[in-house]
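The values are calculated or read from the model by the stated rules, or taken from the named source; none is laboratory data. A quick note: this is a predicted structure, and the numbers were derived from the prediction, not measured. We place every Cβ from the backbone using ideal geometry, glycine too, and count neighbours over all the protein chains shown.
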């Protein structure tokens, strides 16, 4: 089984929430959510670019597209195709809406299928795997001269990490926007993930700690534990 919890939080200063989370078929735009899945899951965090109009719509559009394929067996080639289709859709929306010519979103996620996983990202939202006592960042932060890769941008090339036979009992996957990880250290993550708490409580603790340490962005996090 896979235990899953998540939080989408507008944060302390933003007037609009540009983050969206997908837990299998469930799209979460605000608040907390949890579920227990079988031996497969599709988990995604999208962080719409807040500097331009339409970031929230871009994030909503992408997680909705992926919600329609939740439950399907996803291999790397199929995943790449769906990411390309999402990019095409957002760019079509840009052309159709002259008020939102730069609407775009980062994406980070994990496909868990029995003993295998695929981690992927475009942009600076992150994917971690916590296997006590080690925390490993599986994603790659995409930044070049201050410009990030994203769905809807000029560069939407994903980083994909495939782990065949590398999902073990008690593995914990964490997917989060930069509103969470940007103000936290590796030690912060390990300390909170090590505590004897529910996944919901761990999500809350990491979000609140990020705010306490100065995060001014929207904050989204998914924690999934393979049991």
* Structure fact -> Taking the stretch 179-197 and the residues there that are touching a strand residue (DSSP E or B) at 6+ places or on another chain (Cβ under 7 Å) and closer than 15 Å to residue 223 by Cα, the one that is surrounded by the most Cβ atoms within 10 Å (Cβ to Cβ) would be 180
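Give the stretch 128-149 a look and list any residue that's under 17 Å from residue 62 (Cβ atoms) and at pLDDT 95 or above, or say none.
139
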* **Inter-residue pairs, beta-carbon under 8 Å, first closer than 17 Å to residue 43 by Cβ and in the stretch 69-81, second modelled with pLDDT under 95 and in a loop (DSSP other than H, G, I, E, B), 6+ apart** => 78/72
* Residue pairs meeting the criteria (Cβ under 6 Å; at least 6 apart or on separate chains; first more than 17 Å from residue 142 (Cα to Cα), in the stretch 161-184; second in a helix (DSSP H, G or I) and modelled with pLDDT of 95 or more) -> 162/76; 183/210; 184/210
* Select from the stretch 127-136 the residues that are surrounded by fewer than 19 Cβ atoms within 10 Å (Cβ to Cβ) and under 26 Å from residue 152 (Cβ atoms) and list them in ascending order. => none
* Residue list for the stretch 40-72, filter: in contact with a strand residue (DSSP E or B) (Cβ under 7 Å, 6 or more places away or on another chain), farther than 16 Å from residue 8 by Cα and in a loop (DSSP other than H, G, I, E, B) -> 70
* Asked: Say we look at the stretch 85-126 and pick out the residues that are in contact (Cβ under 8 Å) with a residue 60 or more places away in the chain and over 25 Å from residue 180 (Cβ atoms); which of these is surrounded by the fewest Cβ atoms within 10 Å (Cβ to Cβ)?
  -> 114
* Asked: Take the residues of the stretch 42-60 that are in contact (Cβ under 8 Å) with a residue 60 or more places away in the chain and surrounded by 24 or more Cβ atoms within 10 Å (Cβ to Cβ): which is nearest to residue 114 (Cα to Cα)?
  -> 43
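Taking only the stretch 156-173 into account, find how many residues are in contact with a helix residue (DSSP H, G or I) (Cβ under 7 Å, 6 or more places away or on another chain) and at pLDDT 95 or above.
Residues of the stretch 156-173 in contact with a helix residue (DSSP H, G or I) (Cβ under 7 Å, 6 or more places away or on another chain): 156, 158, 160, 162, 172.
So of that shortlist, the ones also at pLDDT 95 or above come out as 158, 160, 162, 172.
Residues meeting the conditions: 4.
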* **Criterion (surrounded by fewer than 19 Cβ atoms within 10 Å (Cβ to Cβ) and at pLDDT 95 or above) met by exactly one of 30, 13** => 30
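Kindly evaluate residue 78 against the criterion of being within 21 Å of residue 15 (Cα to Cα) and in a helix (DSSP H, G or I). Spell out the reasoning first.
Working: within 21 Å of residue 15 (Cα to Cα): no; in a helix (DSSP H, G or I): yes.
Spelling it out, it is not the case that residue 78 is within 21 Å of residue 15 (Cα to Cα) and in a helix (DSSP H, G or I).
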* Does at least one position in the stretch 72-83 carry a residue that is farther than 23 Å from residue 7 by Cβ, in contact with a helix residue (DSSP H, G or I) (Cβ under 8 Å, 6 or more places away or on another chain) and surrounded by 15 or more Cβ atoms within 10 Å (Cβ to Cβ)? -> yes
* Asked: Restricting the search to the stretch 11-35, which residues are touching a residue at least 24 places away in the same chain (Cβ under 8 Å), under 12 Å from residue 46 (Cβ atoms) and in a strand (DSSP E or B)?
  -> 19, 20, 21, 22, 27
* Quick check: anything in the stretch 116-127 under 30 Å from residue 198 (Cα atoms), modelled with pLDDT of 95 or more and more than 17 Å from the chain's Cα centre (by Cα)? -> yes
